[in-house]
Each structure stands twice: as structure tokens, then as C-alpha cells.
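Inspection log for the structure reproduced underneath, given as C-alpha cells.
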Amino acid sequence: MTHAHPSSHAHPHHGRLSAVSALSWALGITGVFFLVELVGGWLTGSLALVSDALHMGFDMTALGLGLFAAQLGRRPADPKRTFGYKRVEVLAALLNGVFLILITGVILREAWSRWLAPRPILAVPMLAVAVVGLLANLAAGAVLYRSSRSNINLHGAFLHVLSDALGSLGVIAAAAVIMATGWQKVDSLVSALICVGIVVTAYWLVRDSVHILLEGVPAHLELEAMRSALGALPGVRSVHDLHLWSVTRGTESMSGHVVVESDAQIPAVLRAGARLVREKFGITHVTLQVETSISPECDHEPPPEAQ
């Protein structure tokens, strides 16, 4: 059995320290303005403002959990966890998504109650607090945005902050309507709309987290495209038992069996295959088994054209 590993298993995760720093700053900003919105909502009587504050409070929990996961994820691999602790980030993102869904039940229950029995709301202070909350969300989002594309933990935190910013915009709109028309029920309506945004955000986060935990093919890669590219290498007869997965977002791995025409071609195909996967598909953690006949343990897999 021949294997090629162009990079070590202890693949370094660049930018991890900056991820910790970004989460720390976002947590600090969110914590301060959570208190501002909560007190403001209580003083003005606005459920939409309280809802946005509760959402921001769950953001604090999410960011704190994300910060813990980022810190733990920095620990090196050990004999029992050969990939290290990187998937703690995925678990944290999944929990964040679940928390987001749970909060909608609390908000919707109170929104329905206030729809049936509207309460007086101080629209001007409500507007002022909502604007401050929006600025806080934008500041936290700016801190997280740069790293959120390559780190699912930061991506989850960024989605929290983004959905919270949309909630703040809704509160601003509700305050404007109350000031212009006196229609108090718009506060409950905006609270329900905030819930819709929360559910959409949570769905994206849970979907992506579960996909990684199930070791699904990364969204930006195609299994058959890789199979075809490897199969087109000189001397390759077929490709089988091909797998693509992510340890966490931005840390992809590949393994597969390549059948060649003769033993003399094995070294060249091994080098060419590893280089192809690295340069064309951006995967540096590659495990290739090059053989001259399909191994008995792989006989159960259907031929490529049948997949």
C-alpha cells in the first residue's frame, strides 16, 4: 500500500490568534450594548427592543462559546485526537444555531400577547436606543467579517451579529411608524419579523455544521470533477473509493485509490495525483493508494460510471 501526504497531519491553522482576538472584541461590544438595549426596552415599553436585546444576549452566549471553541481549537493533536480539536468549532456553531431557534419561541409568545393587548410605547427613546444598537452590531460585524469566510465558528458568530443588525433596523422602522401613526401593534409585528430572520440564520448555520459533522463533500468541491481529473492522468485505468471531507471549514482532506497499468507507473502517478489535487482543488492533506488491481476490500464499490 502506497500513500502520499504532501503536508503533515498537523496542518497549521493560520489566523487562529486573530480569530480569538476578533471574538473577544465582538463579545465586549455586544455585552455593553446588550445592557443598553435591555434597559432601553424596559424603560420605553418596546417588545421589539427587548426582543433585539434578548437576541443580542444570545449573541453574547454564542460569542462566548465561540471564543472558548477557538481557544480549545488551538490545542495540538494528540494520540487520541489525531486531527486535534478543530471540530470543537463546528460543534460550537451547531449549538449556536440551536440557541437561535430556541429564542424565537420566547419572542413569538410575547409578541402574540402584545398583539392582542398592545401596550403604550415611548417611540423617541426607542428609536435612539435602536440606532445605538445598530451601530454596535455594525462594529462587531466589521470585526468578525474578515475571518468569517474561512472559519465556521467565526461564520456562526458573524451570522448572529448580522441577524441582530437586521433586527435593529426593524426596531428603527417600528419606532418611526409609531411616531408617525401611533400604531402600537407594529412593535409586535416587527418582533415576529425578527424571529423570521433568526430562524433563517439558524437554518444556514445548523445545515452547514451538520454537513461537516457528517463528513459531507465540501460545498466548493465536486467529487466527480476530482474523479475525472485523476482518471485523466497518464497511466491511470480507474479511480475508486474516493472521499472528500472537512475537519472544519477551510481544512479539507481527500483520500482515494488509483488503479494504474503497471507497478513501474506508481511513483509517477503518485506524485502527479498529489500535485493535481493540491494545485487544482486546493487540498494539501491527500492520501492516495496507487495499485495495479482493485483491492478485495474495495470490490463492493460500484464502478465510476454507475455512481
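The values are calculated or read from the model by the stated rules, or taken from the named source; none is laboratory data. As the structure is a computational prediction, the values presented were derived from the model and not from experiment. Don't worry about glycine lacking a Cβ; one is built from the backbone with ideal geometry, like all the others, and counts go over all protein chains shown.
Out of Ala92, Ala142, I need the residue that is modelled with pLDDT of 80 or more and closer than 26 Å to Ala26 by Cα. Which one?
Details: Ala92 fails: modelled with pLDDT of 80 or more.
Being modelled with pLDDT of 80 or more and closer than 26 Å to Ala26 by Cα holds for just one of Ala92, Ala142, which is Ala142.
Please name all residue pairs, on different chains or six or more residues apart, with Cβ atoms under 7 Å, provided the first residue is in the stretch 235-261 and is touching a residue at least 60 places away in the same chain (Cβ under 8 Å) and closer than 15 Å to Val286 by Cβ and the second residue is among the charged types (D, E, K, R) and not in a strand (DSSP E or B).
Going by the 7 Å Cβ cut-off, the qualifying pairs are Val239/Arg227; Asp241/Glu301; Val247/Lys86; Val247/Arg87; Thr251/Lys86.
Would you say Gly66 is in a helix (DSSP H, G or I), buried (at least 17 other Cβ atoms within 10 Å of the Cβ) and either assigned by TED's automatic domain parsing to the domain that holds Leu159 or out of contact with any Gly (no Cβ under 8 Å at 6 or more places or on another chain) (or both)?
Values: in a helix (DSSP H, G or I): yes; buried (at least 17 other Cβ atoms within 10 Å of the Cβ): yes; either assigned by TED's automatic domain parsing to the domain that holds Leu159 or out of contact with any Gly (no Cβ under 8 Å at 6 or more places or on another chain) (or both): yes.
Considered against the rule, which asks whether it is in a helix (DSSP H, G or I), buried (at least 17 other Cβ atoms within 10 Å of the Cβ) and either assigned by TED's automatic domain parsing to the domain that holds Leu159 or out of contact with any Gly (no Cβ under 8 Å at 6 or more places or on another chain) (or both), Gly66 comes out as yes.
Quick one: is His11 more than 26 Å from Asn137 (Cβ to Cβ), modelled with pLDDT under 75, surrounded by 16 or more Cβ atoms within 10 Å (Cβ to Cβ) and not assigned by TED's automatic domain parsing to the domain that holds Val186? First the steps, then the outcome.
Numbers: more than 26 Å from Asn137 (Cβ to Cβ): yes; modelled with pLDDT under 75: yes; surrounded by 16 or more Cβ atoms within 10 Å (Cβ to Cβ): yes; not assigned by TED's automatic domain parsing to the domain that holds Val186: yes.
Yes; evaluated as a whole, the condition is true for this residue.
Output the qualifying pairs, or none if there are none: Cβ atoms under 8 angstrom, residues six or more apart or on different chains, first residue in the stretch 37-55 and on the phi < 0 side of the Ramachandran plot and of a type in the set (A, V, I, L, M, F, W, C), second residue part of a loop (DSSP other than H, G, I, E, B) and at pLDDT 85 or above.
Leu43/Leu122
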